[in-house]
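Student: One structure coming up, written as structure tokens, with questions to follow.
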Amino acid sequence: MNRVAGNSNERLTILRITIIAALGGLLFGYDTGVIAGSQLYFTEYFNFTPAEQGWAVSSALYGCLAGALVGGYLTKHFSRKYTLILAAVLFTVSAWGSGIAESLSQLVIYRIIGGLGVGMASLAAPMYIAEIAPPKDRGRMVSYYQLAIVVGFFVVFLATYFIGGGDTHGVGPEVIEEIHEHNVNQGWRMMLWSELLPAGAFLLLLFSVPHSPRWLMLKGRIEEAKSVLARITSNEQEAAAELSDIQQSLANNPSPKMAHVFAKGIGFALFLGVMLSIFQQITGINAILYYGAEIFSNALGYGPEDALKQQLWLASVNLIFTFIAIYTVDSLGRKPLFIAGTIGMFLGLSILGLTIYTQQMGVISLLAILLFIGSFAMSMGPVVWVMLSEMFPNNVRSVAMSIAVAAQWLFNALVANSFPVINESTLNQDGFNGALPYFIFAFFCVIAMLFVWKLVPETKGKTLEEMENLWRG
């Protein structure tokens, strides 16, 4: 009976810690979603050109890149926990400042500040969760980070939808014009300020979670590590065994120099991590999410307020299919989910591109976007985060994951910045009727599927210490 009670308490403790850390993902999703809903209106308010619009949307991503790079140093020297606390402070400053911006430069500065927070959290949160979670549940626990991202998307799309006026079906043109004018002048600011609530909650809750036991061991704080392990394992024997594994791992791999990250074995793991991060971005997910309202408005013929309503479909499908990944990633494995998902993404993008190319946009186009989003949500979205958090050895995890996540943000920014320019290009409009970006994304889905099929090993069920032996082999 006591053993059962102990297991239950340990699981509840791990779940509580995981949920709090995963709120960093919720703010990642919220920050991405709020720019998708508000950019239609602040673009009109400031009268941005396509290039200025792209810079306003993508500027935060360059902050994310810097945040991911500096996050490697912060998570190693100041802890995963304190890095998350700093990220929460930056989220709060960005949410307030973005809403009071009166120029492109002011908006960009505050968006970059928020991007620094997102970059730090996107590195520290999955790393922290992976170091807390038991091996048999690690895929599911780290997937909660991706779930939190899509919950953030869903919540912010609800917020922007209702702030933007809600359902305008059957409403007269004068009222619609009045709602639109309010959104252009003030509504977009309220959308950006709405991030203050989850940012504040994240900041306060972080003070209740412990440090990662693996980080404590890296710093020689053995007694504190024992105390944390006692809280998150079911018995003393399990805690002692895990402590011994961590000590052995650190003894075999002393504090690294940068050259160790690129050494044989670990260098290949880093190559795989960087490529997985790049593929997650160049297959188009954030272009669809950032510019979803504009895609619905321009390509599919919806008005701006109706376009916000259609984005709720994206957020809902994203949320539902993430649950599929959570409950299958530890049983089916990482590779099968990734490969199946990229096939679905390819089909969704191809169908969407064909409907735009043939000027037959409508319900089929919407279903194609939803197929793409659902396929991403059950595969590449959570699986990449799971693999990045578990594939690197203890002594180089901060540095290697920092490089991989930085690559993700760099290509996220490049895609977000280039999408409106490519979309408005003469080649796209005259040669492809607006479909070129989606055909490019579909092509990269095929490349990503082949890459994972041929090169990426299966990692389910292995301890973080066993992963080191995999790369040595």
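The values are calculated or read from the model by the stated rules, or taken from the named source; none is laboratory data. Source: prediction; values computed, not measured. Here the Cβ positions follow ideal geometry from the backbone for every residue, glycine too, while neighbour counts run over all protein chains shown. Surface accessibility is based on the protein's heavy atoms, side chains included, excluding ligands, DNA and RNA. Shrake-Rupley method; radii C 1.70, N 1.55, O 1.52, S 1.80 Å.
Student: Nearest 0.05, what FRET efficiency do Phe162 and Ala51 give at R0 = 30 Å with Cβ-Cβ as r?
Tutor: On the way: r = 31 Å, r/R0 = 1.04.
The calculated FRET efficiency here is 0.45.
Student: Relative contact order of the chain: what whole-number percent is it, with Cα pairs under 8 angstrom and at least 6 residues apart? Show your work: numbers first, answer last.
Tutor: Details: 813 pairs, mean separation 118.8, N = 473.
Answer for the chain is 25 percent.
Student: I've got another one for you. Using the basic label-point model (7 angstrom from Cα toward the beta carbon), what is the Gln359 to Ser331 distance in nanometres?
Tutor: So the label points at Gln359 and Ser331 sit 4.9 nm apart.
Student: Ok, one more. Probe radius 1.4 Å, ligands and nucleic acids ignored: give me the carbon and sulfur share of the accessible area of the chain as a rounded percent.
Tutor: Values: 11840 of 17740 Å².
C and S atoms contribute 67 percent here.
Student: Accessible area per residue of the chain at 1.4 Å probe, in Å²?
Tutor: Numbers: 17740 Å² over 473 residues.
Each residue of the chain exposes 38 Å² on average to a 1.4 Å probe.
Student: So how far apart, in nm, are the two label points at Glu102 and Glu238 if each is 7 Å from Cα heading toward Cβ?
Tutor: If labels sit at Glu102 and Glu238, their model points lie 5.8 nm apart.
Student: Right, here's the next one. Could you order the peptides 395-406, 35-46 from most to least packed, using the average number of other C-beta atoms within 10 Å per residue?
Tutor: Values: 395-406: 24.9, 35-46: 23.3.
Top to bottom by mean Cβ count within 10 Å: 395-406, 35-46.
Student: Another question about this same structure. Just checking my list (1) 4, 21, 31, 25, 13, 5, 1, 0; (2) 4, 14, 16, 15, 11, 9, 9, 9, 6, 4, 2, 0, 0; (3) 4, 20, 30, 28, 15, 3, 0 against P(r) over Cα pairs in 10 Å bins from 0, in percent computed from this structure; which label fits?
Tutor: (1)
Student: Using only the alpha-carbon atoms, how far is helix 173-182 inclined from the longest principal axis of the chain? Give it as 0 to 90 degrees, nearest 10.
Tutor: 50
Student: If you wrap a convex hull around the alpha carbons of the range 107-224, what volume per residue comes out, as a whole number of Å³? Let's see the in-between values first.
Tutor: Values: hull volume 15.0 nm³, N = 118.
Measuring per residue, one finds 127 Å³ for the Cα hull of the range 107-224.
Student: Taking just the alpha-carbon atoms of the range 337-473, what radius of gyration and Dmax come out, in angstrom?
Tutor: Final numbers for Rg and Dmax: 18.0, 54 Å.
Student: Can you tally the net charge around Leu337? Count Lys and Arg as +1, Asp and Glu as -1, for every other residue whose Cβ sits under 14 Å from the Cβ of Leu337.
Tutor: Residues near Leu337 contribute +2 overall.
Student: Of Lys76/Lys454; Lys219/Lys462; Lys76/Lys226; Lys136/Lys335; Lys81/Lys136, which ones are farther than 26 Å apart at the Cα? Display every interim value, and only then the final one.
Tutor: Numbers: Lys76/Lys454 33 Å; Lys219/Lys462 24 Å; Lys76/Lys226 19 Å; Lys136/Lys335 17 Å; Lys81/Lys136 23 Å.
From Lys76/Lys454; Lys219/Lys462; Lys76/Lys226; Lys136/Lys335; Lys81/Lys136, over 26 Å: Lys76/Lys454.
Student: Calculated from DSSP H runs of 4 or more alone, at -39500 (n - 2.57) each and per residue, what is the 222 nm mean residue ellipticity of the chain, nearest 500?
Tutor: Working: 21 runs with 365 residues, N = 473.
So the calculated ellipticity at 222 nm is -26000 deg cm²/dmol.
Student: For Glu181 and Val89, calculate 0.36 nm times their separation in residues minus their Cα-Cα distance, and state this gained length in nm to one decimal. Working shown, then result.
Tutor: Details: separation 92, 0.36 × 92 = 33.12 nm, distance 3.23 nm.
Full extension from Glu181 to Val89 adds 29.9 nm.
Student: Please give the length that would be gained between Thr426 and Leu197 if that part of the chain were fully extended, namely 0.36 nm times their separation in residues minus their C-alpha to C-alpha distance (nm, one decimal). If you can, show how the numbers build up before the last one.
Tutor: Details: separation 229, 0.36 × 229 = 82.44 nm, distance 4.27 nm.
Gain in length upon complete extension: 78.2 nm.
Student: With the radius of gyration and the Kirkwood radius both derived from the Cα set of the range 68-158, what is their ratio Rg to Rh? It would help to have the intermediate numbers written out before the result.
Tutor: Values: Rg = 14.9 Å, Rh = 14.3 Å.
Here the Rg-to-Rh quotient is 1.05.
Student: Could you sort Lys81, Lys460 by accessible area so the largest value comes first, with the probe set to 1.4 Å? Could the numbers behind the result be given before it?
Tutor: Values: Lys81 25, Lys460 75 Å².
Result, largest first: Lys460, Lys81.
Student: How do the peptides 135-147, 21-33, 188-200 rank, highest first, by the average count of neighbouring beta carbon atoms within 10 Å per residue? Mind showing how you got there, number by number?
Tutor: On the way: 135-147: 23.8, 21-33: 27.8, 188-200: 21.1.
In decreasing order of mean packing, 135-147, 21-33, 188-200 become 21-33, 135-147, 188-200.
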